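Asks: Just passing along the structure, written as structure tokens.
Readers should treat all values here as calculations from the given coordinates under stated rules, not as data from a laboratory. What you see is a predicted model, and the numbers here were worked out from it, not measured in a lab. Cβ sites come from the backbone with ideal geometry, for glycine too, and all protein chains shown count toward neighbours.
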Amino acid sequence: MTDATQQTPTRGARTGFSMGEGMKRVLIGVLSVVIGVLAWHIGAMNTSPLFLPSPWSVAKTTGEMIADGSLFVAIGASAWRIAAGWAAGVIIGVPLGLFMGRFQIVRLLCDPWIEFFRFIPPIAFVTLAVIWLGPGEITKIALIFYCTVFIVTINTIAGVENVNQLRLQAARSMGASKLTEMTTVIFPSAVPFMITGARIAMGNSFLTVVSAEIVSAQTGLGSMIWTARNFGRTDWVFVGIISLGILGYLFDRAFRMATRKWFRRFLF
Amino acid sequence: MSNGASIELGHVGISFGTAQIVSNVNLDIKPGEFVCLLGPSGCGKSTLLNAIAGFLPVAGSISVGGDRVTKPGLDRGVVFQSAEVLFPWLTIRENVEYGLKIRGVAKAERAKKAEHFIGMVGLAHAADKFPKELSGGMRQRAQIARVLINEPSVVLMDEPFGALDAQTREVLQEELDRLWRKTGCTIVFVTHDIWEALLLADRVVVMTAGPRAGIKTIQPIDLPHPRDAASPECLELFRRLRDDIGEEVKRALEQQGLNREEEPAT
Ligand SMILES: Nc1ncnc2c1ncn2[C@@H]1O[C@H](COP(=O)(O)OP(=O)(O)OP(=O)(O)O)[C@@H](O)[C@H]1O
Ligand SMILES: [Mg+2]
């Protein structure tokens, strides 16, 4: 509690709220968490630890897993898979979307495949991925890549189609070639869409990594949640879930800070 | 600096699908001339301007400086009605430098020229702001600087001051008159404001109501600059243009089913 309240002045100032306003926002958030944990505690007092472990026992388990290092190994494994698959997906998805949005022939060639695959979740490919790529790291990364590249491509296409036609005409009448047009008008216009796509893809990558790790991994948060079943350790499941939530929050925070720092001028 | 190029329109027709918007337009514009296009809303003024800019395919022929127009080109600068066309991700300076930059003009020269043109439209204090931080009139001036820096021999303007308040418009009209004199470029200027046309133009072209719009009358304005809107000659010309356009506007409205005489009294 005290930690959170001490943070408020700087945070309030940075986001442009008055100190009081920022403090109030954080306090309400903290209050909500405290109420949630209390409700959890009361629920745990009336059930068995196997059904619902208490917040305290989960905290203790977390402490043990931090001490023996196993928690960070799990978090590190999952975070690495997400980061690698997601980054590769964004790096491929952006140019793919630009080309598909720009050149009708590419679009027509890819369209049936996109329309087909967009309804198939990555989880459906877990078995195939293991058969084709083996049980190693690359399988998990490939699945996250698959879910990311889709969302980023589709969003980038939307961004290209949304480009202001008058701006394109203006660029052409100032001597822009097809290539210049692409790099100086279409790309910047589509950046907000790419960012939205990348952010949604980040969320989906978390869904994907857990299912992939449940099926085929010895490490990672998904695997940790799954093996808990064999040992009747419901508290491990909770540690895994809480870690996922916090990890996701941190990834999203970092992503937003980075885009605001590097792409600020494109977020009009 | 840049000197004006001639514009020749020969039997120009423009269609969207099966709808013929502009039909059989013949017009010769001399180098350095300032021509205003007037006409009822929806008759095809913007369409004709876009055709000269090279944004639209046409029947007949359009030549600028003797060369057939087939696509947009640096010789024809376009000032759009909406300053939305400024790139919101670039500062005013970067917007103005855009044309030079994509042609690979060296940084130092670019900066020098941009400084000059930004100063010319009175935006030196706002050069490093983004378009969204500027007022409508300032954005429109930025757009004009962004076009003029490329030293086009023809400047095509589509109601560039249409969205501005009367005072700002007046100031910019005077600015434009001054810039036109200084650069000697040819200007085709679309407006629906008869006074604006009288103030600026060497010749006013009045278009007929669409569809298949053409040229109704061409009115030379042989008055010295700067012009006095209250002078008897100006008033006489105003009356004549107003009657010409009035007829066409009435026809246009009738076609759209807005016949005032037939309106039932309520
Ligand atoms: N892309 C298009 N597709 C089909 N029809 C179009 C298109 N652009 C314009 N038109 C039609 O062409 C006609 C002329 O339009 P244009 O914009 O040139 O009129 P305008 O004279 O500039 O009118 P305003 O004074 O209101 O700007 C209109 O009837 C319009 O509906
Ligand atoms: Mg128009």
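Asks: If R0 is 30 Å, what FRET efficiency do you get for A:PHE103 and B:SER46 from their C-beta distance, rounded to 0.05?
Replies: After rounding to 0.05, the efficiency reads 0.60.
Asks: Then there is this: Express as a percent, rounded to the nearest 5, the fraction of DSSP beta bridges in chain B (both residues included) that run antiparallel.
Replies: In chain B, approximately 50 percent of DSSP beta bridges are antiparallel ones.
Asks: If each residue's Cβ is checked for other Cβ atoms within 10 Å, how do A:ILE123, B:ILE221, B:ILE52 rank with the fewest at the top?
Replies: If I rank by nearby Cβ atoms, fewest first, I get A:ILE123, B:ILE221, B:ILE52.
Asks: Out of all DSSP beta bridges in the protein assembly as shown, what portion is antiparallel? Express it as a percent rounded to 5.
Replies: 50 percent
Asks: What's the angle, to the nearest 10 degrees (0 to 90), between helix B:92-102's Cα axis and the longest principal axis of chain B?
Replies: Long axis of B:92-102 versus the principal axis of chain B: about 80 degrees.
Asks: While we're here: Pick out which of A:GLY76, A:GLY97, A:GLY63 has the largest mean-square fluctuation in a Gaussian network model of chain A, springs linking Cα atoms closer than 10 Å.
Replies: The residue with the greatest mean-square fluctuation here is A:GLY63.
Asks: Moving to a separate point now. 5 Å is the cut-off here: which amide hydrogens, built 1.01 Å from N in the peptide plane, fall below it relative to B:THR217, excluding neighbours closer than 5 in sequence?
Replies: B:VAL206
Asks: Further question: Provide the descending list of Cα extents for segment B:50-191 along its principal axes, expressed in whole angstroms.
Replies: 46, 39, 29
Asks: Ok, one more. Show that you can apply the helix-only estimate: for chain A, add -39,500 (n - 2.57) for every DSSP H stretch of four or more residues, divide by all residues, and state [θ] at 222 nm to the nearest 500.
Replies: Only helices count here, giving -27500 deg cm²/dmol.
Asks: Still on this model: Under the rule of -39500 (n - 2.57) per DSSP H run of 4 or more residues, summed and divided by the residues of chain B, what mean residue ellipticity at 222 nm is obtained, to the nearest 500 deg cm²/dmol?
Replies: Rounded to the nearest 500, it is -11500 deg cm²/dmol.
Asks: Mean-square fluctuation check for chain A, GNM, Cα pairs under 10 Å: which of A:PHE206, A:PHE116, A:PHE145 is largest?
Replies: A:PHE116
Asks: Given Cα positions, please report Rg to Rh for the protein assembly as shown, the hydrodynamic radius being the Kirkwood one.
Replies: When Rh is taken as the Kirkwood radius, the ratio is 1.14.
Asks: Can you list residues from other chains, or at least 5 along the same chain, whose modelled amide H is less than 5 Å from the amide H of B:LYS129?
Replies: B:ILE92, B:ARG93
Asks: Let me make sure I get this right: for chain A, a, b and c are the square roots of the gyration tensor eigenvalues over alpha carbons, sorted descending. Under 1.5 in a/c it's rounded, otherwise prolate if a/b > b/c, else oblate. Which is it?
Replies: oblate
Asks: Whole-Hz Karplus ³J(HN,Hα) for segment A:185-194, in order, using 6.51 cos²θ - 1.76 cosθ + 1.60 and θ = phi - 60°, x for Gly and Pro?
Replies: Those phi angles translate into 10, 5, 4, x, 5, 8, 3, x, 5, 4 Hz.
Asks: Treating only the Cβ of Lys, Arg, Asp and Glu as charged (+1, +1, -1, -1), what charge dipole size does chain B show about its Cα centre? Round to the nearest 20 debye.
Replies: 1000 debye
Asks: Past 24 Å, Cα to Cα, is the threshold; run B:LYS113/B:LYS182; B:LYS30/B:LYS216; B:LYS71/B:LYS129; B:LYS30/B:LYS113 against it and keep the listed order.
Replies: B:LYS71/B:LYS129; B:LYS30/B:LYS113, as the Cα separations exceed 24 Å there.
Asks: Shifting gears a bit: What length, rounded to one decimal in nm, is gained on full extension from B:LYS107 through to B:SER61, with 0.36 nm per residue of separation minus their alpha-carbon distance?
Replies: 12.7 nm
Asks: Could you put A:TYR249, A:TYR146 in order, starting from the residue whose Cβ has the fewest other Cβ atoms within 10 Å?
Replies: Listing A:TYR249, A:TYR146 from fewest to most nearby Cβ atoms yields A:TYR249, A:TYR146.
Asks: With 10 angstrom as the radius, rank A:TRP40, B:TRP89, A:TRP86 by how many other C-beta atoms surround their C-beta, starting from the fewest.
Replies: A:TRP40, B:TRP89, A:TRP86
Asks: Would you mind finding the longest exposed-site-free stretch of chain B, with exposed GluC sites (Glu not before Pro) meaning DSSP loop and at most 11 other Cβ atoms within 10 Å?
Replies: The longest uninterrupted stretch comes out as B:1-260.
Asks: Expressed as a rounded percentage, what relative contact order does chain A have, with Cα pairs under 8 Å and six or more residues apart?
Replies: 21 percent
Asks: I'd like to know which of B:GLN173, A:PHE193, A:LEU143 lies farthest towards the positive end of the charge dipole of the protein assembly as shown, counting +1 on Cβ of Lys and Arg and -1 on Cβ of Asp and Glu.
Replies: The one lying farthest along the dipole's positive direction is A:LEU143.
Asks: Residue by residue through segment B:145-153, what is 3J(HN,Hα) from phi via Karplus (6.51 cos²θ - 1.76 cosθ + 1.60, θ = phi - 60°)? Round to whole Hz and write x for glycine and proline.
Replies: Here the 3J(HN,Hα) series is 4, 5, 7, 5, 4, 7, 6, x, 7 Hz.
Asks: Another question about this same structure. If the cut-off is 26 Å between C-alpha atoms, which lysines fall inside it for A:LYS60, apart from same-chain ones fewer than 8 positions away?
Replies: none
Asks: Would you work out if segment B:126-174 is rounded, prolate or oblate? Take a ≥ b ≥ c from the square roots of the eigenvalues of the alpha-carbon gyration tensor; rounded if a/c is under 1.5, else prolate when a/b is larger than b/c, oblate otherwise.
Replies: Oblate.
Asks: Further question: Using each residue's phi in segment A:199-214, evaluate 6.51 cos²θ - 1.76 cosθ + 1.60 at θ = phi - 60° and report the 3J(HN,Hα) Karplus result to the nearest Hz, with x for Gly and Pro.
Replies: For segment A:199-214, the Karplus curve yields 6, 4, 4, 4, x, 5, 4, 5, 4, 5, 5, 5, 5, 5, 6, 5 Hz.
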